[in-house]
Amino acid sequence: MLNQYDIQLDILRLDNIHQQVNGNKWFKLKQNLAVASNGDYDCLLSFGGAYSNHIRALAAASALAGLRSIGVIRGELPSPLNPVLQFALDQGMLLHPISRSSYRQKQTGEFITGLHRQFGEFYLIPEGGSNELGVQGCEEIIDLLLPELRAAGNGKPVYIATACGTGATLAGLIRGAIKRQLDVRLLGIAVLKGAGFLREEVASWLGNVEGDGAKVRWNIELDYHFGGYARSTRELQQFIESFVLSSGIPIEPVYTGKLFFGLYDLIQKGTIPSGSRVVVLHTGGVLDI
């Protein structure tokens, strides 16, 4: 199909960075763990759903760093635990489920104060690792692509595509591209329903980035969520099975499956024009869900 549309598609396998802390989570957590360790914290606390890659990666990273971790989980814990939560528990993470209504209050001062009363002192990392340090870490991903990106143009559009959950990875990529004065188009494929707010989230991370952003364009596609976060359909499952069979590259239905499905559809529709080069970030993910 790619040859038919004259598309050069390359995949940056961030899922191979580390066996347990892989994908974009490596970059989001890198500076947060350094700051926590330098600040003499011995416990990290963050938030996520039952299938959160962030919770999984944080549990592993905390264990490797010799730190305690607490995962505040949206909704009831499934019984038995799914592979994501079981892995986190096995890494020593304390799983703390709260109601969905309470979860919506997670950013309020009163809610955080209550967590401190319950658990004592901790270093707080937002859901998805999406804070300034996480975005800064994701800027570094651009450096892995620099030689290819600077040699790739030849007048043809160059895209960098990633799955989009909180927008922090995309924001980091955009900031990194602007600072390095690249002529690229950044594309996020939203994996949750009703994700229009992500465009504002990403814009808020950009702020006053130093550099020439005139040649850096970005967008988030909202139509490939397949019913919502961690939701799937038979169509998506069939696409994943076909992709894995033909490429030998593992993808999953929460993030990377939706990413590649969306990209292939956008290529067929002509939204990504013929002759383009597309660099796709494989941001990891849990396969056995």
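The values are calculated or read from the model by the stated rules, or taken from the named source; none is laboratory data. Values in this document were obtained by computation on a predicted structure and should not be read as measured data. Every residue, glycine as well, gets a Cβ built from its backbone with ideal geometry; the counts of neighbours run over all protein chains shown.
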The lone exception for Leu186 - which of (1) part of a helix (DSSP H, G or I); (2) in contact with a helix residue (DSSP H, G or I) (Cβ under 6 Å, 6 or more places away or on another chain) it fails: (1)
Among residues of region 98-139, those that are polar (S, T, N, Q) and either in contact with a strand residue (DSSP E or B) (Cβ under 6 Å, 6 or more places away or on another chain) or loosely packed, with under 10 Cβ neighbours inside 10 Å (or both), counted: 2
Among (1) among the hydrophobic types (A, V, I, L, M, F, W, C); (2) touching a Lys or Arg at 6+ places or on another chain (Cβ under 9 Å); (3) surrounded by fewer than 20 Cβ atoms within 10 Å (Cβ to Cβ), the one test that Val244 misses: (2)
Criterion violated by Arg217 - all others in (1) out of contact with any strand residue (DSSP E or B) (no Cβ under 6 Å at 6 or more places or on another chain); (2) without any contact (Cβ under 8 Å) to a residue 40 or more places away in the chain satisfied: (1)
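Here's the yes/no breakdown for (1) in a helix (DSSP H, G or I); (2) of a type in the set (Val, Ile, Thr); (3) without any contact (Cβ under 8 Å) to a residue 60 or more places away in the chain:
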site: Leu64; (1), (2), (3): yes, no, yes
site: Ser69; (1), (2), (3): no, no, yes
site: Ile73; (1), (2), (3): no, yes, yes
site: Pro80; (1), (2), (3): no, no, yes
site: Leu85; (1), (2), (3): yes, no, yes
Answer residue from region 112-158, given it is assigned to a loop (DSSP other than H, G, I, E, B) and at positive phi and is modelled with the highest pLDDT among those: Gly120
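Any idea how many residues of region 189-245 are part of a loop (DSSP other than H, G, I, E, B) and over 17 Å from Leu259 (Cβ atoms)?
Count: 11.
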Residue ID - farthest from Asn219 (Cα to Cα), chosen from residues in region 246-262 that are outside any helix (DSSP H, G or I) and more than 16 Å from the chain's Cα centre (by Cα): Gly248
Residue match in region 214-222 (condition: closer than 24 Å to Tyr5 by Cα, at pLDDT 95 or above, surrounded by 13 or more Cβ atoms within 10 Å (Cβ to Cβ) and in contact with a Cys (Cβ under 7 Å, 6 or more places away or on another chain)): yes
Criterion violated by Ile17 - all others in (1) modelled with pLDDT of 95 or more; (2) of a type in the set (Val, Ile, Thr); (3) within 30 Å of Pro147 (Cβ to Cβ) satisfied: (1)
Close pairs from region 166-186: first under 19 Å from Lys30 (Cα atoms), partner aromatic (Phe, Trp, Tyr) and modelled with pLDDT under 95, Cβ under 6 Å, at least 6 apart: Ala171/Trp205
Residue that is surrounded by the most Cβ atoms within 10 Å (Cβ to Cβ) [pool: residues in region 12-62 that are assigned to a strand (DSSP E or B) and assigned by TED's automatic domain parsing to the domain that holds Gly165]: Leu12
Residue match in region 140-152 (condition: in the same structural domain as Lys106 (by TED's automatic domain parsing), of a type outside the set (Gly, Ala, Ser) and crowded, with 22+ Cβ neighbours inside 10 Å): no
